[in-house]
Amino acid sequence: MVTGGKRLSGRTKVQGSKNAALPILAATLLCADECVIHNCPRLSDVEASIRILRYLGCKAKREGNTLMIDTRDMSRYDIPSELMHRMRSSIIFLGAVLARCRKARISSPGGCELGPRPIDLHLSSLREMGIEISEEHGILECEAHDGLKAANIALSFPSVGATENILLAASVCDGTTILTNAAREPEIVDLADFLISCGAKIDGAGEGTIIIEGVEKLHGATHAIIPDRIVAATLMSAAAVTGSDITLEGVCQSHLGAVIPVFLQCGCEIESFRGDLSISAPARLKAPKLIRTTPYPGFPTDAQAPLMSVAAVADGITVFIENMFASRYKHVTELNRLGANIKVEGKVAVVDGVRRLLSAQVCACDLRGAAALTVAALCAQGESEIKGLSYLERGYEDFELVLGALGADIKKI
Ligand code: EPZ
């Protein structure tokens, strides 16, 4: 329940990145001894990954935001569908299980709220590395009869998940893999940094071409997860729509290269100082005019929904072009129930900013949509009710506590 109209103030630490933590948890399967992962956010998606690790026979213990993981006793190479379907990104376990066991049995991850989630790039890349993959009744049977082998792989699209699966599989296989048109996201760099600290030989993570020289095996390591740039963008959106001044602690400004200019176009002032980012919003935002999502370092698709809540109350028209997912506008009907004026035509959404939103009962149907509705409710007159919090809890740690501590009138029922 959110009662809008309250200005926010103060400072809050940004949680660790969900999309860095998930592939790093999968990567621990390659490590011969214990790994300690700090700044790991408490999220249902992280819990889903821990459940998979435990199902595979590994030990995983959490103390606050630190996870101790020991995969020495891994005893299985199959992941049942109920564990796969909980989280679409469990496909990143495929590369790790194959690298460790040379075989894997997983159910093809279901579609999700963002539309079809094909894994053709994952499978074609792993096939090039010598893995035979057969698919019957939705189960992928994968086997590398004569072991994984290095390959020169050119991705037709810089898929984040496919890049991660290739990094995992190539780290411990004979020979040197050259990956071109790789995804450049900061989460890829964090995964590579973790693997390198475990003894992997990876060059070029964060660039378009990554060279991985396979090693015999990896040892354990201690690693701190990078801050979550999408949660940072979401909190900046909350400050923008409420005309607030807040400071975010532990932000990598360089990860927000395409996001900060949008807030500046809206008339916000932003200052960065040694890992802290302060944002000061005007009483009335100017429309940012055009937001087009592209692979990193372009504007992140995951920030499209929260920034649409900002555009919804900005003065003027904003055009969104969602290039990454086929159906990532499910939050639009709910924002319009809050009084926004948004029209969708294919991958384009046109937002005609209104002066104020009005409270309503709304329903989230995906993770970033849930965040966008929460942001919008902060500036909707009256008390709004947001259903579908299970989506929010996939990616936002204690979000109602974080916003409440900044002065929002919000409670979870
Ligand atoms: C990762 O998903 C993120 N998830 C997503 O964040 C993020 O939106 C996405 O990257 C893009 O940045 C995690 O990191 C856990 P992709 P992923 O493979 O790996 C198509 C969130 O809100 N594609 O780069 O699935 C795919 O259908 C989540 O935190 C293929 O066609 O993204 C999509 O249209 C949502 N074939 C596009 O590429 C493939 O084999 C981008 O997918 C793989 C992908």
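Structure summary
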quantity	calculated
Where a residue in region 367-391 is closer than 15 Å to Leu403 by Cα and β-branched (Val, Ile, Thr) and its partner, wherever it lies, is at pLDDT 95 or above and in a strand (DSSP E or B), with Cβ under 8 Å and at least six apart	Thr374/Val2; Thr374/Ile386; Thr374/Ile410; Ile386/Val2; Ile386/Val362; Ile386/Cys363
Meets criteria (in the same structural domain as Asp174 (by TED's automatic domain parsing), of a type outside the set (A, V, I, L, M, F, W, C) and surrounded by fewer than 16 Cβ atoms within 10 Å (Cβ to Cβ)) for Arg72	yes
Residue match in region 130-149 (condition: surrounded by fewer than 19 Cβ atoms within 10 Å (Cβ to Cβ) and within 13 Å of the ligand (Cβ to nearest atom))	yes
Filter result (surrounded by 14 or more Cβ atoms within 10 Å (Cβ to Cβ) and closer than 21 Å to Glu141 by Cα) within region 52-69	Ile52, Leu53, Tyr55, Leu56
Filter result (in contact (Cβ under 8 Å) with a residue 40 or more places away in the chain and either among the small types (Gly, Ala, Ser) or in a strand (DSSP E or B) (or both)) within region 201-228	Gly208, Ile210, Ile212, Gly214, Leu218, Gly220, Ala221, Thr222, His223, Ala224, Pro227
Flag if Ala183 is modelled with pLDDT of 95 or more and either under 26 Å from the mean Cα position of the chain (by Cα) or closer than 29 Å to Thr293 by Cα (or both)	yes
Residue in region 229-242 that is more than 24 Å from the chain's Cα centre (by Cα) and under 22 Å from Leu357 (Cβ atoms) present	yes
Residue in region 207-219 that is within 15 Å of the ligand (Cβ to nearest atom), of a type in the set (Gly, Ala, Ser) and either touching a strand residue (DSSP E or B) at 6+ places or on another chain (Cβ under 6 Å) or closer than 25 Å to Asp78 by Cβ (or both) present	no
Selection count, region 152-182, where residues are within 12 Å of the ligand (Cβ to nearest atom), of a type in the set (Gly, Ala, Ser) and either outside the structural domain of Leu218 (by TED's automatic domain parsing) or buried (at least 24 other Cβ atoms within 10 Å of the Cβ) (or both)	2
Residue check, Gly346 within 16 Å of the ligand (Cβ to nearest atom) and free of Cβ contacts under 8 Å to residues at least 12 places away in the same chain	yes
Residue within region 252-262 that is surrounded by fewer than 23 Cβ atoms within 10 Å (Cβ to Cβ), over 19 Å from the mean Cα position of the chain (by Cα) and either not assigned by TED's automatic domain parsing to the domain that holds Val351 or not basic (Lys, Arg) (or both) present	yes
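The values are calculated or read from the model by the stated rules, or taken from the named source; none is laboratory data. In this text the structure is predicted, and so the values were computed from the model without any measurement. Every residue, glycine among them, receives a Cβ derived from its backbone with ideal geometry; neighbour counts consider all protein chains shown.
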